[in-house]
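Let me begin by presenting the structure, written as structure tokens, before commenting on it.
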Amino acid sequence: MTVAHALSQHAHDFIHAIRTLAKARAFTAVCVTSLGLGMGTVIAILLLMRAVVGTPPGVNDDGLVEVVIRPLGALREQAGSAIVDTWSYPDYLDVRDAVSGMTMTGWSFGDGVLRLADQGGAIPLPTMYVSSNYFSTVDVTLARGHGFAPTHDASLAEREVVVGYRLWQTRLGADPGIIGRTITVNLTAHVVVGVAPDGYRSHLSPETSGSIQLWMPLSRHPRLPTDRGLPRCRALGAGHRRTTGPAGIGPITARTKERM
């Protein structure tokens, strides 16, 4: 069979199928509708999965990992879990200082209430408390400002805040001079040092974190230093995919055991 003959046969079969479907219009409508609904459902599920577990826009997750400890022995019994993925603030500082070959940043959810004199009332906003290198670690460039000062996170950082792009546009009047402006958050004056890029909510999916609109220094978390085990924070590492060996983690887990 030549190529031309094969193409002719395929064309004949295609025309025959079209004529058959045209004669059975009800059957054709049911088939096309079913196919469309099936494809639409599959696409919707894939989009939902991407929104829930995918990387949010603007985040470079290449080499970005969540740092956890897999406790053994007595520490595992005390932890009550095979994996410790949240840290007390002192434990986070211990891990950050012990790990080499990786940039580490800490973060924790918290409460943020914005008060604007010209709008009246309190505005609760989703807030994340982060260490000073948070934005550089997740490779996010601020739309305005330099972000948090590179202070040592073990000390008390300045009262500074990075605001979300939408918050800047809707509540702060898209003020071009927003950097250096003072706003009141949690009844305390904070200096605005940055505006997040348009569309950025956090390094987590919106379903996980909500639409974060305020970022403040982790060392300024309102639950510090009332209890050395609070707040619980998580750690991200960038630039290295291997975990630190026993020599680095051993002293950390020993201190963690003492604190639990």
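Readers should treat all values here as calculations from the given coordinates under stated rules, not as data from a laboratory. Computed from a predicted model, the values in this text were never measured in an experiment. So basically every Cβ, Gly included, is an ideal-geometry build from the backbone, and we count neighbours across all protein chains shown.
A straight chain from Gln119 to Leu156 at 0.36 nm per residue would run longer than the Cα-Cα distance by 10.3 nm. Subtracting the Cα-Cα distance of Thr182 and Ala143 from 0.36 nm times their residue separation leaves 12.2 nm of extension gain. Based on Cα atoms of segment 145-202, Rg over Rh with Rh as the Kirkwood radius reads 0.98. With neighbour counts taken as other beta-carbon atoms within 10 Å, the residues Thr127, Thr2, Thr188 rank, fewest first, as Thr2, Thr188, Thr127. When each of Arg201, Arg159, Arg19 is scored by the number of other beta-carbon atoms lying within 10 Å, the sequence from fewest to most is Arg19, Arg159, Arg201.
Fewest-first ordering of Phe135, Phe148 by other beta carbons within 10 Å of each residue's beta carbon gives Phe135, Phe148.
Evaluated at 20 °C with a viscosity of 1.002 mPa s, what Stokes-Einstein diffusion coefficient in µm²/s does segment 64-238 have when Rh comes from the Kirkwood expression over alpha-carbon pairs? Let's see the in-between values first.
Details: Rh = 16.9 Å.
For the chosen part, D equals 127 µm²/s.
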